[in-house]
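Have a look at the structure below, then the notes.
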Amino acid sequence: MKPLLSLSNSIDKINDKFAVLAIWAVLIACVISALNTVVRYVFNYSSNGFLEIQWYLFALAVMLGSSQVLRLNEHVRVDVLYGLYGGRGQAIVDMLGFILFLICSMSVLLYYSWPHFLKMFISGEMSSNAGGLIRWPVMLLLPLGFALIILQGLSEVIKRVAWLNHSYDGDFHYERPLQ
């Protein structure tokens, strides 16, 4: 189990690094948005590039931050029955959900997004808007984000199996939102 836990730890560290990029993307997007507003209303100037970089940064934050949300156990879940189970039952439900739904669906999305990225990369596709940006960098975020989620799902499965075998002391406690 130790080699698998070492792999899990490595995956967690990789996703921690990408999470830092996601955090910075949110901050930079806010700054660009504020500057864009000032430039538009004070200097009566606007550029589609300014607007597009904001949604590129938003895509970066979502696609590179999603795996970290999964790692921190803050992801969206359907907890109709989940809260009724004890720790062992929750770990089993988590494992089945990660394997049957998360990893499978992210694999399909990765499979279909990779050729789309390659097509844009090879063609050098640009935005159709005047002053728009090149599109392949933002399209790369799709397969990269899906791959990171698959890896983090694998890491979480390893942790749940190790926890069930009493080889890992993880805190997978989940509190239902109070809303």
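One table, with the values for the structure above:
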{"item": "Hits in segment 1-59 - residues which are among the basic types (K, R) and within 28 Å of L148 (Cβ to Cβ)", "result": "K2, K13, K17"}
{"item": "Matching entry among F98, F58 (being of a type in the set (F, W, Y), assigned to a helix (DSSP H, G or I) and farther than 30 Å from S127 by Cβ)", "result": "F98"}
{"item": "Which listed residue, of S47, S67, is of a type in the set (S, T, Y), surrounded by 12 or more Cβ atoms within 10 Å (Cβ to Cβ) and under 24 Å from D171 (Cα atoms)", "result": "S67"}
{"item": "Tally of residues being under 28 Å from S155 (Cβ atoms) and in contact with a helix residue (DSSP H, G or I) (Cβ under 8 Å, 6 or more places away or on another chain) across segment 95-139", "result": "16"}
{"item": "Residue match in segment 140-159 (condition: out of contact with any strand residue (DSSP E or B) (no Cβ under 9 Å at 6 or more places or on another chain), over 20 Å from I14 (Cα atoms), in contact (Cβ under 8 Å) with a residue 24 or more places away in the chain and surrounded by 14 or more Cβ atoms within 10 Å (Cβ to Cβ))", "result": "no"}
{"item": "Test for V78: is it under 24 Å from L148 (Cβ atoms) and either of a type in the set (D, E) or modelled with pLDDT under 90 (or both)", "result": "yes"}
{"item": "Residue among L51, L64, L7 that alone is in a helix (DSSP H, G or I), of a type outside the set (K, R) and at pLDDT below 90", "result": "L51"}
{"item": "Subset of segment 1-52 (residues that are within 20 Å of M63 (Cβ to Cβ), under 22 Å from the mean Cα position of the chain (by Cα) and of a type outside the set (A, V, I, L, M))", "result": "D12, K13, N15, D16, K17, F18, W24, C30, E52"}
{"item": "Count - residues of segment 100-128 that are surrounded by 14 or more Cβ atoms within 10 Å (Cβ to Cβ), touching a residue at least 24 places away in the same chain (Cβ under 8 Å) and not small (G, A, S)", "result": "7"}
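The values are calculated or read from the model by the stated rules, or taken from the named source; none is laboratory data. As the structure is a computational prediction, the values presented were derived from the model and not from experiment. As a convention, Cβ positions derive from the backbone with ideal geometry for all residues, glycine included, and neighbour counts pool all protein chains shown.
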